[in-house]
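Participant: One structure, pasted below without further comment.
The values are calculated or read from the model by the stated rules, or taken from the named source; none is laboratory data. No experiment lies behind these values; they were computed from the predicted model shown. Glycine gets a Cβ as well: all are built from the backbone with ideal geometry, and neighbour counts include every protein chain shown.
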Amino acid sequence: MQRSAKFIRTSAKHYFIVVGILFLTGRVAYAGVFPNSDNIYGVSAPDPFYVQDGDRYMWLYGTESSGIVVNGGLIEKPTGLARSPIRLLNQATAVVNDGVLRDVVQRSASHVFHLEDHSHLTVNGGVFLDTSTSGELLYASNNSHATINGGSFTATRSAVLRTWFNGSITVNGGNFTADDDGALEHRGGGNVRINGGVFRSSRYALLVAQVGGILEIHGGEFDSPLGLQQRTGVIEWYARQAWVDGRQLEPGDILDGDGSLRLTFPDGNTQTIPFLRTGGVMRFIAVPEPSAAMLSSLLIFGIASRRRSC
């Protein structure tokens, strides 16, 4: 039996699974067993990568060179199961292009996406909901990396995005809403880069704490009463201009411990975010506004490229 999953397609009512030479037939409506790693949780543990007959949830565990693509559908873990619907281990890769994933477990330490061990996840859209009692929606640890290009992410009781043990995240877009915690918590010593997206929380939008790491912010929208909290690590704001409490900043370290930070990002978007700092380094890195000559060159290049493609 071929042991590495290559392609999965899901729809709202059916799952079509192609796994090497493994073919599953019979009465099973939602089925598949992919024993990529047999003993992650001990000898008595179930195969770590399977879809349970009659239930609408999926554990996507992969190892080594396994590659998984999910194109839509509903993946919903039943209440009471303390495991993550999608979990990647040991250099596994997965791409989620759409669909609905819900973690409705009422137990702790569960996530919609759980990444470890140099695994890679790319999310290109979809709707993702986590109502677990104490498990972040997306948890990246142990040198894993997640790239988020869009989608709607909501956590009702915990953080939406969290890093740990050198996990890293790149956010290019999406909506991230935390009802009772941070929209993004960078705790793990890796690198997080925000190029865009909307971060909302009833508490703080951004948190850098514990091991810390580097948080680069090149754009985005931030809506929360507490804004940013920094206890350690390095935060770098890439913007055309920046002010703290109305005082325009020069490029370099921001020494204020608290205040209201206003920035004009490279795309022209202006954001104001309150902050509180008790440690770490925060700095403003100036990004020059494109000159008229540069904009003209880009326009000419774009027109020429369109003509060549016609």
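Participant: Based on what the data block shows, is Thr147 of a type in the set (Val, Ile, Thr), within 12 Å of the chain's Cα centre (by Cα) and either surrounded by fewer than 19 Cβ atoms within 10 Å (Cβ to Cβ) or assigned to a loop (DSSP other than H, G, I, E, B) (or both)?
Facilitator: So Thr147 passes the test.
Participant: So Gly196 ticks every box in (1) over 16 Å from the mean Cα position of the chain (by Cα); (2) assigned to a loop (DSSP other than H, G, I, E, B) but one. Which box is left unticked?
Facilitator: So the condition that Gly196 fails would be (1).
Participant: Then there's this: Quick one: which of Val244, Val198, Val234 is under 16 Å from Ala159 (Cβ atoms) and β-branched (Val, Ile, Thr)? First the steps, then the outcome.
Facilitator: Numbers: Val244 fails: under 16 Å from Ala159 (Cβ atoms); Val234 fails: under 16 Å from Ala159 (Cβ atoms).
Just a single option satisfies the conditions, and that option is Val198.
Participant: Here is a follow-up. For segment 269-310, how many residues meet the condition of being at pLDDT 95 or above and outside any strand (DSSP E or B)?
Facilitator: Looking only at that region, the number is 5.
Listed here are the residues, each with its yes/no results for (1) of a type in the set (Gly, Ala, Ser); (2) surrounded by fewer than 22 Cβ atoms within 10 Å (Cβ to Cβ).
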| residue | (1), (2) |
| --- | --- |
| Gly219 | yes, yes |
| Leu228 | no, no |
| Gln248 | no, yes |
| Gly268 | yes, yes |
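Participant: Would you pick out the residues in segment 225-259 that are in contact with a His (Cβ under 7 Å, 6 or more places away or on another chain) and under 21 Å from Glu289 (Cα atoms)? First the steps, then the outcome.
Facilitator: First pass over segment 225-259, keeping only residues in contact with a His (Cβ under 7 Å, 6 or more places away or on another chain): 233, 238.
Across segment 225-259, the qualifying residue is only Tyr238.
Participant: Let me ask something else. Could you please find all residues in segment 113-158 being among the small types (Gly, Ala, Ser), without any contact (Cβ under 8 Å) to a residue 40 or more places away in the chain and within 21 Å of Ala209 (Cα to Cα)?
Facilitator: Ser134, Ala146, Ala155, Ser158
Participant: Additional query: Please verify whether Pro266 is at pLDDT 95 or above, assigned to a loop (DSSP other than H, G, I, E, B) and closer than 17 Å to Phe199 by Cβ, treating the condition exactly as stated.
Facilitator: Against the criterion (at pLDDT 95 or above, assigned to a loop (DSSP other than H, G, I, E, B) and closer than 17 Å to Phe199 by Cβ), Pro266 does not qualify.
This table checks each residue for (1) touching a residue at least 24 places away in the same chain (Cβ under 8 Å); (2) farther than 27 Å from Phe128 by Cα; (3) touching a strand residue (DSSP E or B) at 6+ places or on another chain (Cβ under 6 Å); (4) buried (at least 18 other Cβ atoms within 10 Å of the Cβ).
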residue: Glu185; (1), (2), (3), (4): yes, no, yes, yes
residue: Asn191; (1), (2), (3), (4): yes, no, yes, yes
residue: Ala205; (1), (2), (3), (4): yes, no, yes, yes
residue: Arg231; (1), (2), (3), (4): yes, yes, no, no
residue: Glu236; (1), (2), (3), (4): yes, yes, yes, no
residue: Asp253; (1), (2), (3), (4): yes, yes, yes, no
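Participant: Any residue in segment 207-219 that is touching a residue at least 60 places away in the same chain (Cβ under 8 Å) and of a type in the set (A, V, I, L, M, F, W, C)?
Facilitator: Within segment 207-219 (the criterion being touching a residue at least 60 places away in the same chain (Cβ under 8 Å) and of a type in the set (A, V, I, L, M, F, W, C)), the answer is yes, since at least one residue qualifies.
Participant: State which residue is nearest to the chain's Cα centre (by Cα) when the search covers only segment 154-189 and only residues that are among the aromatic types (Phe, Trp, Tyr) and at pLDDT below 95.
Facilitator: Let us first name the residues in segment 154-189 that are among the aromatic types (Phe, Trp, Tyr), namely 164-165, 176.
Next cut, at pLDDT below 95 only: 164-165.
Numbers: Trp164: 13, Phe165: 15 Å.
Restricting to residues being among the aromatic types (Phe, Trp, Tyr) and at pLDDT below 95, the top hit is Trp164.
Participant: Within segment 118-143, work out how many residues are farther than 16 Å from Val96 by Cα and either not in a strand (DSSP E or B) or not acidic (Asp, Glu) (or both).
Facilitator: Selection size over segment 118-143: 10.
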